[in-house]
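For reference, the structure discussed in these notes is given below.
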Amino acid sequence: MQYIPPHRPSTPWSGEDRFLTVLQPRTIDDALAARAAHPDATVVAGGTGVLVDLNGGVEAATLIDLSRVAGLRDAVRDGDTVRLGAGVTYTDVLEHHAADLPGLAAAARTVASRQVRNRATLAGALVLGDPSGDALAALGAAEAHVEIHGPRGRRTVAADRFITGPGVCDLRADELVTALLVPVADGPVAYAKAGARNAMARAVCAVAIALHPARRTVSACVVGAGSTAIRPDVAEALVAASWDALDDPATAERFGALVAAAVDPIPDARGSAAYRRHIAGVLAGRALRRAAAEVVVAP
């Protein structure tokens, strides 16, 4: 593990009498050891979220920089699953995995600027606990899982359940996210987002849809319309029951209404609860129509 001696940063986030220590582990075991030795340390991968907090005044006596940990930038397809290391960026997904993970790629295209996508990691976005994250919607619809390592071993959590509230996730103080396990798309997908702009803005609401023709089912995930990601199971069941009528406008309309009923929006400066509920239904219907247009329904 590389140890960078304490130094006084020029940025305002450490205060006049605070020094910053940066640890740069090279292996997962070293990273976990650093995590255990420094439970109050701030973990950084791409840095696009953490540095905003630091520059905004959040203090951190120690940083654990994961950018040099072996294997975290690796992405490997194993059968019908792609294992994305925790250091994989949005640009990595767009340039190398769009064919296998089209839903995740569609969401990645709407994230910030090219410069941010080059640095920001998907796992880091989840750990920050943003319940309106673009990647969160796509991962939820893909039925992906988050791989977590800690002193008690390895465990996985469904991506749509990983964020448990704004700024809070299912990650203990001595654990690290090491990968995302994302199933390869087995049918049409769609992603619909409402925000101030198509990119460089958090989603007021976003809906990801993945159709599974072999199973005649759909998986959907809504973000920005509650304190966590939302899987609208009643709406999903409607699609399964109406599979032979996917191209019927009434199916998409009913699906949207059920999604709107499933969400629990929190009002803020970007939108009222009523607006978020309405837009969730509109986006859901729109996404289903897009995905359904690519399905060939057997007679």
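Descriptive notes on the structure:
- Of all residues in region 79-131, those that are at pLDDT 95 or above, open to solvent by 30 Å² or more (accessible area, probe 1.4 Å) and of a type in the set (Asp, Glu) total 3.
- Pairing each residue of region 150-178 that is small (Gly, Ala, Ser) with any residue that is open to solvent by less than 30 Å² (accessible area, probe 1.4 Å), provided the two are 6+ apart or on different chains, yields C-beta distances under 6 Å for GLY150/GLU175; ALA159/LEU139; ALA159/GLY140; ALA159/ALA144; ALA159/VAL146; GLY167/GLY129.
- Of all residues assigned to region 76-90, at least one qualifies as being closer than 18 Å to ALA138 by Cα, in contact with a helix residue (DSSP H, G or I) (Cβ under 7 Å, 6 or more places away or on another chain), in a strand (DSSP E or B) and free of Cβ contacts under 8 Å to residues at least 60 places away in the same chain.
- Scanning region 150-167 for residues that are at pLDDT 95 or above, open to solvent by 50 Å² or more (accessible area, probe 1.4 Å) and farther than 18 Å from VAL82 by Cα yields ARG161, THR164.
- Test: LEU122 is in contact (Cβ under 8 Å) with a residue 40 or more places away in the chain, out of contact with any Pro (no Cβ under 7 Å at 6 or more places or on another chain) and within 17 Å of LEU181 (Cα to Cα): yes
- Hits in region 159-183 (condition: under 16 Å from the mean Cα position of the chain (by Cα) and of a type in the set (A, V, I, L, M)): ALA159, ILE163, VAL168, LEU171, LEU176, VAL177, ALA179, LEU180, LEU181, VAL182
For (1) open to solvent by less than 20 Å² (accessible area, probe 1.4 Å); (2) in a loop (DSSP other than H, G, I, E, B); (3) touching an Asp or Glu at 6+ places or on another chain (Cβ under 8 Å), each residue gets a yes or a no:
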residue: ALA214; (1), (2), (3): no, yes, yes
residue: LEU238; (1), (2), (3): no, no, no
residue: GLY256; (1), (2), (3): yes, no, no
residue: ILE279; (1), (2), (3): no, no, no
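- ASP134 vs. criteria crowded, with 24+ Cβ neighbours inside 10 Å and of a type in the set (Asp, Glu): yes
- Flag for ARG73 being touching a Gly at 6+ places or on another chain (Cβ under 7 Å) and either part of a strand (DSSP E or B) or at pLDDT 90 or above (or both): yes
The values are calculated or read from the model by the stated rules, or taken from the named source; none is laboratory data. Predicted model only: the values in this text are computed from it and were never measured. Please note: Cβ atoms are built from the backbone with ideal geometry, for glycine as well, and neighbour counts cover all protein chains shown. Heavy atoms of the whole protein, side chains included, go into the accessibility calculation; ligands, DNA and RNA do not. Shrake-Rupley method; radii C 1.70, N 1.55, O 1.52, S 1.80 Å.
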